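Asker: Shown below is the structure under consideration.
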Amino acid sequence: MIKAENLSFSYRGDEGAAAALKKLNIDIAGGEFVAILGHNGSGKSTFAKQLNAILTPEEGRLTVFGIDTSDEGSVFELRKNVGMVFQNPDNQIVATVVEEDVAFGLENLGVPRDEMRRRVDEALKTVRMYDYRLHAPHLLSGGQKQRVAIAGILAMEPKCIVLDEPTAMLDPSGRAEVMETVRRLNREKGITIIHITHYMDEAVKADRCIVMDGGEVVMDGPPAEIFARVEELRALGLDVPQAAELMYELRKRGIDAPEGILRSAPCVEAIAKMYKDRGTANVR
Amino acid sequence: MLRDITLGQYYGVNSPLHRMDPRTKMLWVIYYMTLLFMASSVWEYALMTAFTALAVKASRVPIGFITRGLKPIAILMLLTVGLNLFMTPTGSELWRLGFLKITDDGVVIAAKMAVRLVLLIIGSSLLTLTTSPIVLTGGIERLLAPFARLGLPSHEIAMMMSIALRFIPTLMEETDKIIKAQTSRGADFESGGPIKRVKAMAPILVPLFVGAFRRADELAVAMECRCYRGGSGRTSLRRFAFGRDDLFALIWAVALLAAIITIKVVTR
Ligand SMILES: Nc1ncnc2c1ncn2[C@@H]1O[C@H](COP(=O)(O)OP(=O)(O)O)[C@@H](O)[C@H]1O
Ligand SMILES: [Mg+2]
């Protein structure tokens with residue numbers, strides 16, 4: 001439902017400098033959970049901002065749910081369907097009361113009050129922040145603020161949510177809250193998720209990983225496939241999930257460790273199985 | 001801690017004054033001030049005082065909160081009362097010390113001045129004590145809406161006010177952090193003369209401003225992402241409607257005016 005064809009873009013006033021996006025070709029289906037990886041400056045945020053026409057292609061085309069992002073007449077229709085959550089929760093909350101902030105997008109769209117009330121309450125319940133609806137946002141934890149930001153997007157009933165490093169400023173429990181919420185939205189409501197992250201353990205939870213470098217897509221595939229390419233990832237300045245790294249190091253030492261293991265639980269199982277199959281002495 | 005500073009002085013309880021529409025309250029404060037400035041006889045002052053006491057009682061805000069608002073203007077009050085007390089040339093002399101003299105007229109004028117100032121502060125702080133800042137900004141937007149046709153950016157004014165309200169605690173917190181960070185690097189904000197202290201503020205203000213501009217930038221993008229396009233065609237989650245309490249406010253307004261006119265006619 002998202003289709004980028006030869007999408008190129010460079011920031012104005014930056015002539016001579018390398019383009020931020022170079023002939024990007026990406027196809028994302030409705031309902032997919034995609035993680036976008038890449039080191040700083042690889043063009044992830046620039047791509048994200050293309051998706052709801054904050055920036056528009058210089059060359060090539062980007063269609064999102066049938067809307068060409070260069071079409072100025074459909075900008076608000078597009079932004080209603082593609083919600084955006086940013087890194088710093090403090091800089092995207094507009095109002096001084098949680099529920100007023102969740103209502104902000106609906107107010108902008110001119111949604112009638114009764115329907116607004118219903119959608120705000122439902123969105124707050126979905127992200128489990130309903131009990132905090134009358135609180136002041138600046139007193140919430142980072143994870144709670146991000147969930148409020150997600151609720152504000154959710155109330156607009158989008159088809160897709162783009163999250164640009166939403167967990168970068170959070171503590172581990174805040175990260176877990178946000179990830180749990182995002183995954184639930186994907187599974188239960190079928191919302192397409194595009195999750196930009198530096199955390200490999202988050203990328204592992206996606207259906208698909210896209211790795212960007214220098215404004216280009218350099219890898220694209222399911223996490224198991226991507227994280228088997230340990231050397232390439234390292235060359236791009238990226239980490240590998242610990243479990244995958246362990247398996248990779250074992251394989252490098254000639255031990256027959258299975259590929260495609262990304263999380264700790266299957267990793268433990270695999271190691272136990274290797275012991276059983278080959279005998280303890282061998283593995284040592 | 002800087003961030004303990006609360007904004008405004010909203011005291012959240014349920015009272016007829018709290019339930020009133022913010023527009024009613026704002027118009028009432030303007031009306032109340034007009035009456036106060038038109039008051040001349042002692043009887044009118046007595047009536048206004050009695051009415052104010054009644055309003056304070058109805059607001060269910062503790063007296064302590066209300067008198068707290070008087071503290072910042074104590075000096076101003078002493079000054080005006082003192083000036084009126086000693087500088088009124090008319091009336092019969094009661095007391096004299098060199099060029100300073102107190103006359104009976106002076107005493108009355110000073111007393112009226114004091115009462116007027118106190119009532120003025122109490123009346124206007126009742127507005128902010130019974131109306132949360134966000135409701136107040138919403139009320140201002142709606143009150144100014146008719147002037148939008150004359151080119152007054154009423155929505156933008158209200159939006160600016162509410163964003164300021166939203167970011168003041170955040171910026172306070174940030175200032176706190178910056179002060180701690182600079183102090184831990186050996187910056188000294190406490191000692192030295194005024195010029196040295198002002199100079200010491202630079203390492204706080206520069207990062208604060210840089211941070212504020214970055215925030216403003218990000219917030220603008222975030223607002224655009226949520227379909228913000230100015231005030232036209234916007235709806236509001238909050239309902240602004242005149243209710244029973246606003247009707248009472250109107251009745252009180254008429255009654256107070258009638259009483260004041262009666263006093264003016266009778267004492268003439
Ligand atoms: N507002 C901007 N003006 C000019 N150049 C920018 C701007 N934002 C990003 N860039 C440049 O565009 C490239 C891609 O940046 P970005 O999309 O932010 O990368 P990422 O999100 O992957 O870290 C970088 O080289 C960056 O310096
Ligand atoms: Mg980025």
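Each value in this text was obtained by applying a stated rule to the coordinates, not by laboratory testing. Worth saying up front: this structure is predicted, and the values here are computed from it rather than measured. No Cβ is skipped: glycine too gets one built from the backbone with ideal geometry, and neighbour counts run over all protein chains shown.
Asker: Return one number: the angle in degrees, 0 to 90 and rounded to the nearest 10, between the long axis of the Cα atoms of helix B:244-266 and the longest principal axis of the Cα atoms of chain B.
Answerer: Taking Cα atoms only, the helix is inclined about 30 degrees.
Asker: Mind pulling the angle between the C-alpha long axis of helix A:242-252 and the longest principal axis of chain A? Nearest 10 degrees, somewhere in 0 to 90.
Answerer: Approximately 30 degrees, to the nearest ten.
Asker: Calculate how many DSSP beta bridges within segment A:2-240 are antiparallel, expressed in % of all such bridges and rounded to the nearest 5. Walk me through the numbers on the way to the answer.
Answerer: On the way: 17 of 34 bridges.
Approximately 50 percent, going by the DSSP bridge assignments.
Asker: Here's a follow-up. Using 0.36 nm per residue, how much length does the chain from A:Glu225 to A:Thr63 gain when fully extended, once their Cα-Cα distance is taken away? Intermediate values should be presented prior to the final figure.
Answerer: Details: separation 162, 0.36 × 162 = 58.32 nm, distance 2.74 nm.
Working it through step by step, the gained length comes to 55.6 nm.
Asker: Can you tell me the FRET efficiency between B:Trp43 and B:Phe147 if r is taken as the Cβ-Cβ distance and R0 is 35 Å, rounded to the nearest 0.05? Could you put the intermediate results ahead of the total?
Answerer: Details: r = 37 Å, r/R0 = 1.07.
The pair B:Trp43/B:Phe147 has a calculated efficiency of 0.40.
Asker: Along each principal axis of its Cα atoms, how long is segment B:67-222 end to end? Whole angstroms, biggest number first, please.
Answerer: 69, 53, 28
Asker: Here's a follow-up. With n ≥ 4 as the cut-off for DSSP H runs, can you work out [θ] at 222 nm for chain A, using -39500 (n - 2.57) per run divided by the number of residues, rounded to the nearest 500? Kindly include the intermediate steps, with their values, before the conclusion.
Answerer: Numbers: 12 runs with 116 residues, N = 284.
Computed ellipticity for chain A at 222 nm equals -12000 deg cm²/dmol.
Asker: Right, next: Could you check the simple spin-label distance between A:Asp201 and B:His155, using points 7 Å along Cα→Cβ, in nm with one decimal?
Answerer: The answer from the label model is 4.5 nm.
Asker: Once you place label points 7 Å from the Cα toward the Cβ at B:Arg214 and B:Leu83, how far apart are they in nm?
Answerer: 4.8
Asker: Right, next: Report the calculated FRET efficiency for A:Glu77 and B:Arg197 (r = Cβ-Cβ distance, R0 = 60 Å), to the nearest 0.05. All intermediate terms of the calculation are to be shown ahead of the outcome.
Answerer: On the way: r = 55 Å, r/R0 = 0.91.
Rounded to the nearest 0.05, the efficiency is 0.65.
Asker: Over all alpha-carbon pairs in the protein assembly as shown, figure out the percentage whose distance exceeds 44 Å.
Answerer: Numbers: 57694 of 152076 pairs.
That fraction is 38 percent.
Asker: What residues qualify as long-range amide H neighbours of A:Met219, i.e. H under 5 Å apart, gap of 5 or more or another chain, H built at 1.01 Å from N?
Answerer: Long-range HN contacts for A:Met219: A:Val211.
Asker: Quick one: net charge of B:Tyr45's neighbours, Cβ under 13 Å, K/R +1, D/E -1? Numbers along the way, then the final one.
Answerer: Numbers: positive: B:Lys112, B:Arg116, B:Lys264; negative: B:Glu44.
Local net charge: +2.
Asker: Once both axes come from the Cα atoms, what is the angle between helix A:98-109 and the longest principal axis of chain A, in degrees from 0 to 90, rounded to 10?
Answerer: It works out to around 70 degrees.
Asker: Could I ask something else about it? Please go through segment B:136-195 and write out the chymotrypsin sites (Phe, Trp or Tyr not before Pro) that DSSP classes as loop and that have at most 15 other C-beta atoms within 10 Å.
Answerer: Details: sites: B:Phe147, B:Phe167, B:Phe189; in loops: B:Phe189.
Filter output for segment B:136-195: B:Phe189.
Asker: Okay, moving on. Could you give the length gained by full extension between B:Val254 and B:Ala164, i.e. 0.36 nm per residue of separation minus their alpha carbon distance, to one decimal place?
Answerer: Numbers: separation 90, 0.36 × 90 = 32.40 nm, distance 3.65 nm.
In short, 28.7 nm is gained.
Asker: Provide the per-residue ³J(HN,Hα) series for segment A:70-84, in order, calculated from phi with Karplus coefficients 6.51, -1.76, 1.60 and θ = phi - 60°, each as a whole number of Hz, with x at glycine and proline positions.
Answerer: Once θ is set to phi - 60°, the couplings for segment A:70-84 become 7, 7, 5, x, 10, 4, 6, 4, 5, 5, 5, 8, 10, x, 10 Hz.
Asker: Tell me, what HN-Hα J-couplings in whole Hz come from the Karplus equation 6.51 cos²θ - 1.76 cosθ + 1.60 at θ = phi - 60° for each residue of segment A:174-189, using x for Gly and Pro?
Answerer: x, 4, 4, 4, 5, 5, 4, 4, 5, 5, 5, 4, 5, 6, 7, 9
Asker: Just need the relative contact order of chain A here, percent rounded to a whole number, with Cα pairs under 8 Å and 6+ apart.
Answerer: Details: 519 pairs, mean separation 59.3, N = 284.
Taking the mean separation of contacting Cα pairs over the length of chain A, I get 21 percent.
Asker: Does segment A:89-230 come out rounded, prolate or oblate, given a ≥ b ≥ c as the square roots of the eigenvalues of its C-alpha gyration tensor, rounded meaning a/c under 1.5 and, failing that, prolate meaning a/b above b/c?
Answerer: Working: a/c = 2.30, a/b = 1.86, b/c = 1.24.
Taking the square roots of the gyration eigenvalues as a ≥ b ≥ c, segment A:89-230 is prolate.
Asker: Also, I was wondering about something else. Using the eigenvalues of the Cα gyration tensor, what equivalent ellipsoid semi-axes result for segment A:2-240 when each is taken as the square root of five times the eigenvalue, whole Å, largest first?
Answerer: Details: eigenvalues 172, 92, 49 Å².
Equivalent ellipsoid of segment A:2-240: 29, 21, 16 Å, largest first.
Asker: Next question. Can you tell me the order of A:58-68, B:18-28 when each peptide is scored by its average per-residue count of other Cβ atoms within 10 angstrom, highest first? It would help to have the intermediate numbers written out before the result.
Answerer: Working: A:58-68: 16.5, B:18-28: 19.6.
Those peptides, ordered most packed to least, come out B:18-28, A:58-68.
Asker: Counting Lys +1, Arg +1, Asp -1, Glu -1, what net charge surrounds A:Val240 among other residues with beta carbon under 12 Å of its beta carbon?
Answerer: Numbers: positive: A:Arg229, A:Arg234; negative: A:Asp201, A:Glu231, A:Glu232, A:Asp239, A:Glu245, A:Glu249.
Residues close to A:Val240 contribute a combined charge of -4.
Asker: Using the Karplus curve 6.51 cos²θ - 1.76 cosθ + 1.60 with θ = phi - 60°, what ³J(HN,Hα) values do you get for each residue of segment B:120-125, in whole Hz, with x for Gly and Pro?
Answerer: Here the 3J(HN,Hα) series is 4, 5, 4, x, 6, 6 Hz.
Asker: Please compute, for peptide A:108-120, the average count of beta-carbon atoms on other protein chains lying within 10 Å of each residue's beta-carbon.
Answerer: On the way: counts 11, 7, 5, 3, 1, 5, 0, 1, 3, 2, 0, 0, 1.
So the per-residue partner count for this stretch is 3.
Asker: Cβ under 12 Å from A:Ile196's Cβ, A:Ile196 left aside: what net charge do those residues give with Lys, Arg +1 and Asp, Glu -1? Provide the component values of the computation, followed by the final result.
Answerer: Values: positive: A:Lys44, A:Lys49; negative: A:Asp164, A:Glu165, A:Glu202.
Combined, the nearby Lys, Arg, Asp and Glu give -1.
Asker: Straight-line reach from B:Lys264: which lysines have a Cα under 17 Å away, not including same-chain ones fewer than 8 places off?
Answerer: Candidates past the 8-residue exclusion: B:Lys112.
Asker: Continuing with the same structure: Could you check the simple spin-label distance between B:Glu190 and A:Ala29, using points 7 Å along Cα→Cβ, in nm with one decimal?
Answerer: Each label point is offset 7 Å from its Cα along the Cβ direction, giving 6.6 nm.
Asker: Over segment B:2-266, what is the mean sequence separation of C-alpha contacts under 8 Å (at least six apart), divided by residue count, expressed as relative contact order in percent? Don't skip to the answer; put the middle values down first.
Answerer: Values: 213 pairs, mean separation 69.1, N = 265.
The normalised contact order for segment B:2-266 reaches 26 percent.
Asker: Hey, if you drop one equal point scatterer on each alpha-carbon of segment B:2-266 and run the Debye formula without solvent, what base-10 log of I(q)/I(0) do you get at q = 0.14, 0.15 Å⁻¹?
Answerer: Listed by q, the Debye log ratios stand at -1.12, -1.17.
Asker: In addition: Show which lysines lie in cross-link reach of A:Lys49 when reach means a straight Cα distance below 26 angstrom and same-chain residues fewer than eight apart are skipped.
Answerer: A:Lys3, A:Lys22, A:Lys23, A:Lys80, A:Lys145, A:Lys159, A:Lys189, A:Lys205
Asker: Label segment A:159-200 by shape, choosing from rounded, prolate and oblate, from the square roots a ≥ b ≥ c of the eigenvalues of the Cα gyration tensor; if a/c is under 1.5 it is rounded, and otherwise prolate applies when a/b is larger than b/c, oblate when it is not. Intermediate values should be presented prior to the final figure.
Answerer: Values: a/c = 2.70, a/b = 1.55, b/c = 1.74.
Taking the square roots of the gyration eigenvalues as a ≥ b ≥ c, segment A:159-200 is oblate.
Asker: Let me ask something additional. Below 8 Å between Cα atoms, with a sequence gap of 6+, how large is the relative contact order for segment A:171-252 in percent? Provide the component values of the computation, followed by the final result.
Answerer: Details: 56 pairs, mean separation 14.4, N = 82.
Relative contact order of segment A:171-252: 18 percent.
Asker: Could you size up the charge dipole of the protein assembly as shown around its Cα centre, putting +1 on the beta carbon of Lys and Arg and -1 on that of Asp and Glu, and report it in debye to the nearest 20? Please report the intermediate quantities before stating the final value.
Answerer: Details: 67 positive and 62 negative charges, 400 e Å.
With only Lys, Arg, Asp and Glu charged at Cβ, the dipole is about 1920 debye.
Asker: What translational D, rounded to a whole number of µm²/s, comes out for segment A:56-104 from Stokes-Einstein when the hydrodynamic radius is the Kirkwood one over Cα pairs, at 25 °C and 0.890 mPa s?
Answerer: 189
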